[in-house]
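Encoded as structure tokens, the structure appears first; notes follow it.
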Amino acid sequence: MCYEEAAASYLQEQGFKILQRNFSSRFGEIDLIAKEGKYLVFVEVKYRATDSGGHPLEAVDARKRRRICKTAEFYLLRYGYAEDTPCRFDVVGMLGDEVCHVRNAF
């Protein structure tokens, strides 16, 4: 099972509804797009086997956040979401078998 699938399964167990996987645009890619309550949630998934290269959450730098935000804007326009749609950006970091889910990460 790929790590994005594992993250999707984890989120579904937490009550999220997965709407889309690997959404791509010319701006970038979003690993998972989900719904939790009233929120449309854009999820970045990062995996590391060990922390020797740093924790996976550290891999979501400012450049990556900008690309995700631009891609999310495109997604909202493409699928006709209202401007006041409540959105947030989460990160799921997977370190070995450990899952760390950060809501509203940026």
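The values are calculated or read from the model by the stated rules, or taken from the named source; none is laboratory data. Keep in mind it's a predicted model, so treat the numbers as computed, not measured. Ideal geometry is used to build each Cβ from the backbone, glycine not excepted, and the neighbour counts take in all protein chains shown. Keep in mind that these areas ignore ligands, DNA and RNA; they rest on the heavy atoms of the full protein, side chains included. Shrake-Rupley method; radii C 1.70, N 1.55, O 1.52, S 1.80 Å.
With the checklist (1) surrounded by 16 or more Cβ atoms within 10 Å (Cβ to Cβ); (2) in contact (Cβ under 8 Å) with a residue 40 or more places away in the chain; (3) assigned to a helix (DSSP H, G or I) in hand, flag the one item residue 70 doesn't pass.
The failed condition is (1).
Could you please find all residues in segment 86-103 being in contact with a helix residue (DSSP H, G or I) (Cβ under 8 Å, 6 or more places away or on another chain) and open to solvent by 30 Å² or more (accessible area, probe 1.4 Å)? Reasoning before the result, please.
Here is the first cut: in segment 86-103, the residues in contact with a helix residue (DSSP H, G or I) (Cβ under 8 Å, 6 or more places away or on another chain) are 87, 89, 91-95, 99-102.
Once the filter is applied, which keeps residues that are in contact with a helix residue (DSSP H, G or I) (Cβ under 8 Å, 6 or more places away or on another chain) and open to solvent by 30 Å² or more (accessible area, probe 1.4 Å), segment 86-103 yields 87, 89, 95, 99, 100, 101, 102.
Out of segment 4-24, which residues are out of contact with any strand residue (DSSP E or B) (no Cβ under 6 Å at 6 or more places or on another chain) and hydroxyl-bearing (Ser, Thr, Tyr)?
9, 24
Quickly run through segment 83-106 and pick out the residues that are aliphatic (A, V, I, L, M) and modelled with pLDDT under 95. Before the answer, list the steps.
The initial filter retains those residues of segment 83-106 that are aliphatic (A, V, I, L, M), namely 91-92, 94-95, 99, 102, 105.
Result: 94, 95, 99.
Quick check on residue 58: is it surrounded by fewer than 17 Cβ atoms within 10 Å (Cβ to Cβ), modelled with pLDDT under 95 and not in a strand (DSSP E or B)?
On the way: surrounded by fewer than 17 Cβ atoms within 10 Å (Cβ to Cβ): yes; modelled with pLDDT under 95: yes; not in a strand (DSSP E or B): yes.
Taking the combined requirement at face value, the residue satisfies it.
Checking residue 34 against (1) under 16 Å from residue 103 (Cβ atoms); (2) in contact with a strand residue (DSSP E or B) (Cβ under 7 Å, 6 or more places away or on another chain); (3) in a helix (DSSP H, G or I), only one condition comes out false. Which one?
With respect to (1) under 16 Å from residue 103 (Cβ atoms); (2) in contact with a strand residue (DSSP E or B) (Cβ under 7 Å, 6 or more places away or on another chain); (3) in a helix (DSSP H, G or I), residue 34 is out only on (3).
Of the residues that make up segment 33-52, is at least one open to solvent by 50 Å² or more (accessible area, probe 1.4 Å), in contact with a Pro (Cβ under 8 Å, 6 or more places away or on another chain), in contact (Cβ under 8 Å) with a residue 40 or more places away in the chain and more than 18 Å from residue 4 (Cβ to Cβ)?
Yes, segment 33-52 has at least one match.
Considering only residues that are free of Cβ contacts under 8 Å to residues at least 40 places away in the same chain and hydrophobic (A, V, I, L, M, F, W, C), look in segment 73-106 and name the one that is nearest to residue 11 (Cα to Cα).
Filtering first and then ranking leaves 76.
Quick check: is even one residue across segment 73-80 in a loop (DSSP other than H, G, I, E, B), modelled with pLDDT of 95 or more and within 11 Å of the chain's Cα centre (by Cα)? Lay out the reasoning, then the answer.
Filtering segment 73-80 down to residues in a loop (DSSP other than H, G, I, E, B) leaves 79-80.
From what's left, modelled with pLDDT of 95 or more: 79-80.
Filter again for within 11 Å of the chain's Cα centre (by Cα), leaving none.
Checking segment 73-80: not a single residue is in a loop (DSSP other than H, G, I, E, B), modelled with pLDDT of 95 or more and within 11 Å of the chain's Cα centre (by Cα).
Taking the condition part of a loop (DSSP other than H, G, I, E, B) and over 11 Å from the mean Cα position of the chain (by Cα), does residue 10 pass?
Values: part of a loop (DSSP other than H, G, I, E, B): no; over 11 Å from the mean Cα position of the chain (by Cα): yes.
Judged against the criteria, residue 10 is not a match.
Within segment 13-23, count every residue that is free of Cβ contacts under 8 Å to residues at least 40 places away in the same chain, surrounded by fewer than 16 Cβ atoms within 10 Å (Cβ to Cβ) and more than 11 Å from the chain's Cα centre (by Cα).
4
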